[in-house]
Amino acid sequence: MKTNTLNIVNGQVMYNFFQEKGFLKDETIVSFNEAMCYGMTSSSIFSTEFLETRSKVHNVSLDQYKNITLKAIQPLLSKKFNSLTLWFDYDMFCQINILTILAWLDQIDYQNTVTLVLVDDEFKPIEKQTLHPKGYKEIYHQVLIEKQTPGNILPHSLQRGIQLYLQYHNPDSELLRYIHEHRDLPEKELVLSLLDNYKEYGLGDTQYIELIRANRSGEN
């Protein structure tokens, strides 16, 4: 059977970079435009409940969410592929997105292995490994729904990403402590400081602004 490879990259920025550089130009590339480490989710990935929940998280309409996220990964959802490669960074943001994709593949009983290519912050490939989706749906539920630490997890980058994710949701997380310790710093400066000091989380300015405002509103 002819190999039909689908490459999934984390977000539009990486997708645009690959397109501009002509990387994988003869292959199909789609971007996963989500931030699964942020906000509530649903056990049944890409179900109606999932779509409604995630659209509320991002403050967009259901149609907007479908256009931004689902439309971009239609080749994945159509299941018309027999070879899948994920291109993601090491940070927590990317690792939780990886977990979500692997969990969905487990959910649909995808039988083939998946190639994971980890890249640096300049999108240069630095590590490659092979994974099988079986078992990741349970891990997804434990982590994103129950907020519990699973047992042994592979790859190690995902294990670290899950640790950071659960810390990030802890009321005594290092991020919230840092925000509290710098409560006199203007919001814009504090966002830049968080982006610079906590790169392994991979969070963006939008997530940090909401964390800062929620923390500061609670102090008033």
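The values are calculated or read from the model by the stated rules, or taken from the named source; none is laboratory data. Nothing here was measured: the structure is a model prediction, and the numbers come from that model. Cβ coordinates were reconstructed from backbone atoms using ideal geometry, including for glycine residues, and neighbour counts include every protein chain displayed. Please note that ligands, DNA and RNA were not included when accessible areas were found on the heavy atoms of the full protein model with its side chains. Shrake-Rupley method; radii C 1.70, N 1.55, O 1.52, S 1.80 Å.
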- Message: With an 8 Å Cα cut-off and a minimum separation of 6 or more residues, compute the relative contact order for the stretch 18-91 in percent.
- Response: 27
- Quick one: angle between helix 48-57 and the longest Cα principal axis of the chain, in degrees between 0 and 90, rounded to 10, please. 40
- Item | Carbon/sulfur fraction of accessible area - the chain, other protein chains in place, 1.4 Å, % | 48
- Residue-normalised accessible area of the chain, given per residue in Å² at a 1.4 Å probe: 53
- Message: Residues of the stretch 98-129 with the amide nitrogen closer than 15 Å to a label point 7 Å from the Cα of Gln142, along Cα-to-Cβ, please.
- Response: 99-100, 103
- Note on the structure: In whole percents, the bins of 10 Å from zero upward hold the Cα-Cα pairs of the chain as 7, 32, 37, 19, 4, 1, 0
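With only alpha-carbon pairs counted, each pair once and no self-pairs, how large is the Kirkwood hydrodynamic radius of the stretch 1-65 in angstroms?
13.7
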- Projected label distance in nm at His182 and Ser43, using a 7 Å step from Cα toward the beta-carbon: 4.0
- In a Gaussian network model over the chain where Cα atoms closer than 10 Å are linked, find which of Phe123, Phe32, Phe23 has the largest mean-square fluctuation. Phe23
- Item | Net charge, Ser61 excluded, C-beta distance under 15 Å - Lys, Arg +1, Asp, Glu -1 | +2
- Message: Quick check on the stretch 165-220: take the gyration tensor over C-alpha atoms, sort the square-rooted eigenvalues as a ≥ b ≥ c, and tell me if it's rounded (a/c under 1.5), prolate or oblate.
- Response: oblate
- Task: At 0.36 nm per residue, minus the direct Cα-Cα distance, what do Val57 and Lys25 gain on full extension? Give it in nm, one decimal, please.
- Result: 8.2 nm
- Query: Taking the chain as a Gaussian network, Cα atoms linked when under 10 Å apart, which of Gly11, Gly39, Gly22 shows the biggest mean-square fluctuation?
  - Reply: Gly22
- Globularity ratio of the stretch 105-220, using Cα Rg and 2.2 N^0.38 Å: 1.29
- Under the 7 Å Cα-to-Cβ spin-label approximation, Arg160 and Ser193 lie apart by a distance in nanometres of 2.5
